[in-house]
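In what follows, a structure is listed as structure tokens, so that the remarks can point back to it.
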Amino acid sequence: MGTSDLAERELLQGVIKLAAAFVHAARGNAAGVAKNLRGARDRLGNAHEASGRIGIDVAALLRAIDVRLAEEIEVGDPPIAIPRMREGTRTGSD
């Protein structure tokens, strides 16, 4: 994935799985959506340390995924937006 930082790698792989979920949605595959959302959640659960460095609000993203998984998956639902960190909450060198 181009990084040796494990948390950053998990974050990137989680976002990729999130995107894959909505490719399945576009194809009408609700089971594929659910499977990839669960996979994204697993990866993102290990990515909190990279949240500020990358600028993605991982906690908010996990909550959005949990809300989506708590209900029956509808392939017509809009994709989950990737929330950005508020200005001033990012850490690391940008």
The answer for the longest stretch of the chain without any exposed trypsin sites (Lys or Arg not before Pro) (DSSP loop, at most 11 further Cβ atoms within 10 Å) is 28-85
Here are some values of P(r) over Cα pairs in 5 Å bins from 0, in percent: (1) 3, 16, 25, 23, 16, 11, 6, 2, 0; (2) 2, 10, 12, 14, 14, 15, 12, 8, 6, 3, 2, 0, 0; (3) 3, 12, 14, 13, 12, 10, 9, 7, 6, 5, 4, 3, 1, 0. Which one was computed from this structure? (1)
Any idea what the relative contact order of the chain is, in percent, if you count C-alpha pairs under 8 Å spaced at least 6 apart? 31 percent
Computed over the chain: longest principal axis from alpha-carbon atoms vs helix 58-70 long axis, angle to nearest 10 degrees, is 10 degrees
How much length is gained on full extension from ASP77 to ALA19, taking 0.36 nm per residue of separation minus their Cα-Cα distance? 19.5 nm
For the chain, take the longest principal axis of its alpha carbons; what is the angle in degrees between that and the long axis of helix 6-26, to the nearest 10 within 0 to 90? 20 degrees
With Cβ to Cβ distances under 14 Å as the rule, what net charge do the other residues near ARG9 carry (K, R +1; D, E -1)? -2
If Lys and Arg each add +1 and Asp and Glu each add -1, what is the summed charge of the other residues whose beta carbon sits under 11 Å from the beta carbon of ARG68? -2
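None of the figures in this text is laboratory data; all of them are computed from the coordinates on show. Quantities reported herein were computed from a predicted structural model and do not represent experimental measurements. Note that we place each Cβ from the backbone using ideal geometry, even for glycine, and neighbour counts take in every protein chain shown.
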